[in-house]
1. Does Arg167 satisfy the criteria of being among the charged types (D, E, K, R) and in contact (Cβ under 8 Å) with a residue 40 or more places away in the chain?
2. So Leu18 passes all but one of these: (1) more than 16 Å from the ligand (Cβ to nearest atom); (2) modelled with pLDDT under 95. Which condition number does it fail?
3. Being more than 23 Å from Gly267 (Cα to Cα) and not in a helix (DSSP H, G or I) narrows it down to one residue among Tyr164, Tyr187; which is it?
4. Taking Ile103, is it assigned by TED's automatic domain parsing to the domain that holds Leu126 and part of a helix (DSSP H, G or I)?
5. Before we move on, is Glu38 of a type outside the set (S, T, N, Q), within 16 Å of the ligand (Cβ to nearest atom) and out of contact with any strand residue (DSSP E or B) (no Cβ under 9 Å at 6 or more places or on another chain)?
6. Kindly provide the set of residues from the stretch 220-231 that are open to solvent by 10 Å² or more (accessible area, probe 1.4 Å) and touching an Asp or Glu at 6+ places or on another chain (Cβ under 9 Å), ordered by number.
7. Is it the case that Asp15 is under 23 Å from the mean Cα position of the chain (by Cα) and farther than 25 Å from Leu229 by Cβ?
8. For the stretch 279-306, how many residues are within 19 Å of Ala205 (Cβ to Cβ) and in contact (Cβ under 8 Å) with a residue 40 or more places away in the chain?
Amino acid sequence: MHYTGTIWRPPYEADALLLEVTAGCTHHKCKFCTLYSELPFKFRMTPMEDVERDLLEAQMLRTSPYSRMLTRLQGEDDPAPIQRVFLTGANPFVLTMEKLLEIASRIHKYLPSVETIGCVARVTDLANKTDEELLQLRQAGYNGLTIGVETGDDAALAFMRKGYTSRDILTQCKRLEQAGIEYGFFYLTGISGKGRGEAGAKASAEVFNQLHPFLVGPIMLTIYQESELYQEIRNGNWEEEGELEKYRELRILAENLNIPTYFAAMGASNAFQLRGKLPEEKEKLLAALDRIISEVSEEDLRRYRRDLRHL
Ligand code: SF4
């Protein structure tokens with residue numbers, strides 16, 4: 001399989017086949033982001049021959065008599081058919097509908113068992129497609145997009161140079177819903193800065209409550225020295241929330257969400273992995289957050305963050 005640089009995928013896509021169709025990010029401007037900084041280019045589409053070769057390899061691994069024999073010799077069941085493909089790269093959904101349809105048709109040709117195709121999308125990637133195009137993409141299998149909206153706090157979105165507003169989140173996600181494309185949100189705890197966590201969480205809940213994300217997945221801001229945000233802090237233009245403030249922010253977000261969704265703070269940036277269905281498990285989540293806030297020290301949380309070498 002062809003993979004370029006660090007491959008990042010959401011924890012809930014662990015069972016999906018990771019297929020590289022792009023590498024890097026078309027935006028590449030968010031001040032806190034160092035995700036694709038090791039790449040010698042900003043964004044690149046993977047040549048279709050490489051995509052096709054990877055699909056052929058995946059097909060062989062699942063269906064060849066050799067792999068069947070090997071799994072049986074190892075006392076395992078036949079490899080399960082691949083039902084989901086996750087396209088890698090920061091925002092493959094930026095590709096034109098024609099390109100995305102071409103990719104979907106190759107996937108279905110080599111892996112007919114695939115039911116859905118997911119990837120990360122930026123809010124701006126939705127704006128560059130018509131309603132009709134979104135419908136066609138849904139019919140081709142695109143579903144379960146991951147959108148790193150980060151926050152509904154307009155001041156934070158502007159300062160971090162995310163390239164869209166809370167109104168854009170509402171407009172574009174409603175269009176996705178009309179096309180029948182489900183999506184989950186990543187929320188960036190800490191993005192509003194010191195003293196503004198509570199306001200940021202409330203503003204975000206207000207936006208999310210008007211939509212139907214299948215997941216709200218908070219990740220926690222971790223600032224690396226290579227980021228532009230680090231320089232902003234050094235220049236005195238921005239202050240980081242304390243670790244406990246980030247947990248208080250998370251609590252306010254969970255408390256104020258009143259839509260049915262799955263709340264899941266997962267991945268390395270969260271020192272504590274918290275999951276629960278809303279609204280059923282809200283009280284349990286809030287109690288867990290209260291325990292963290294009252295029993296864990298700022299120093300221990302800070303040490304955890306300092307030791308995070310990579311997300
Ligand atoms: S946060 Fe996402 S959209 Fe922003 S620069 Fe990083 S990869 Fe690109």
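1. Spelling it out, it is not the case that Arg167 is among the charged types (D, E, K, R) and in contact (Cβ under 8 Å) with a residue 40 or more places away in the chain.
2. Every listed condition holds for Leu18 apart from (2).
3. Residue meeting the stated conditions: Tyr164.
4. Answer is yes for this residue.
5. For Glu38, the condition - of a type outside the set (S, T, N, Q), within 16 Å of the ligand (Cβ to nearest atom) and out of contact with any strand residue (DSSP E or B) (no Cβ under 9 Å at 6 or more places or on another chain) - is met.
6. Ile223
7. Yes.
8. So the count comes out to 2.
The values are calculated or read from the model by the stated rules, or taken from the named source; none is laboratory data. If you're wondering where the values come from, they're calculated on a predicted model, not measured in any experiment. Here the Cβ is made from the backbone with ideal geometry for all residues, glycine too, and neighbour counts use every protein chain on show. To get the accessible areas, we keep the full protein, side chains included, count just its heavy atoms, and leave off ligands, DNA and RNA. Shrake-Rupley method; radii C 1.70, N 1.55, O 1.52, S 1.80 Å.
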